[in-house]
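Below is one structure; the comments refer to it alone.
Just so it is clear, none of the values below were taken in a lab; they were calculated from the coordinates. Keep in mind that what you see is a predicted model, and the values were worked out from it rather than measured. So basically every Cβ, Gly included, is an ideal-geometry build from the backbone, and we count neighbours across all protein chains shown.
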Amino acid sequence: MDAGHLAVGVIEEVVEDSPGEVQGPDALIIRADVPGHERIQRTVICPLSMPGSGRRLMGQAVGFRHTSLDPDFADDVLVVRWPAEVRKALQPPRLEGPGAVRARVWGLLSRCCAVVAVSGILLSVVMLIGVVFTGGELFADLPSWFRPGRVLAASLGAAVLGTLVFVACQYAVARRLPD
């Protein structure tokens, strides 16, 4: 969203409104002075997951884009710069310390095994449909060296072995993570 106006406002209010018994995310009310216009107010949901965490953000600056100069058009907001605390909380976790490189390698290997397992499952379904329901007629136009029974066995093996190796790799990743 490049259209609109860029503004810097301050989180001035936090609304901890919950429609039921369980408290939902906080609503942050941002107010900004726009040169040549009156003060605008925008409302955005707090990206921090803990209820009540928006209170810690009160008084902090937020950069946002808006398309309307209407002071009461509360939903016209796209936050482009959060306070440092929120930016840090929104970053994906990165493994650090001893064993981090090995954990990343095991993680990559486990994702590859997940792809092999899912591919084996999907190919097994196609092969079962071709062998069981069509009696092999689905493969009649394929070259003579294509053996549906062998492909079915290989795809079932890939599904099972891919899943087992995936679990083993995830266990290796968990062992290398600090507690």
- Message: If you take every residue apart from MET50 with its C-beta less than 15 Å away from the C-beta of MET50, what net charge results, scoring Lys and Arg +1 and Asp and Glu -1?
- Response: 0
- Query: Quick one: net charge of MET127's neighbours, Cβ under 13 Å, K/R +1, D/E -1?
  - Reply: +2
- Please give, to one decimal in nm, the separation of the simple spin-label points placed at SER144 and ARG55, each 7 Å out from Cα toward the Cβ. 8.1
- Can you check what the net charge comes to around VAL14, using other residues whose Cβ is under 12 Å from the Cβ of VAL14 (Lys, Arg +1; Asp, Glu -1)? -3
- Item | Nearest 10 degrees, 0 to 90: helix 100-128 Cα axis against the chain principal axis | 60
- Note on the structure: Restricting to Cα pairs under 8 Å and 6 or more apart, the percent relative contact order of the chain works out to 18
- Query: When the convex hull of the Cα atoms of region 100-176 is projected onto a plane and the area is averaged over all directions, what value comes out in nm²?
  - Reply: 5.5
- Using the alpha carbon gyration tensor of region 5-90, what are the three equivalent-ellipsoid semi-axes (square root of 5 times each eigenvalue), largest first, in whole Å? 23, 15, 10
- Once both axes come from the Cα atoms, what is the angle between helix 148-176 and the longest principal axis of the chain, in degrees from 0 to 90, rounded to 10? 40
- What ³J(HN,Hα) values, in whole Hz, does the Karplus curve 6.51 cos²θ - 1.76 cosθ + 1.60 give for region 55-72 when θ = phi - 60°, with x put for Gly and Pro? 4, 5, 8, 4, x, 8, 7, 9, x, 8, 10, 8, 9, 10, 9, 5, x, 9
- Compute the FRET efficiency between LEU90 and LEU122 as 1/(1 + (r/R0)^6), taking r as their Cβ-Cβ distance and R0 = 25 Å, and round to the nearest 0.05. 0.15
- Item | Residues whose placed amide H lies under 5 Å from that of VAL79, excluding near-sequence neighbours | ARG65
- Message: At a threshold of 8 angstrom on Cα-Cα distance, excluding pairs fewer than six apart, so keeping six or more, what relative contact order does region 5-90 reach in percent?
- Response: 30
- Reported to two decimal places, what Rg/Rh ratio describes the chain when computed on Cα atoms with Rh from the Kirkwood expression? 1.26
- Query: How long is the gain from VAL80 to THR67 if the chain were fully straight, where each residue apart is worth 0.36 nm and the alpha carbon distance is subtracted?
  - Reply: 3.3 nm
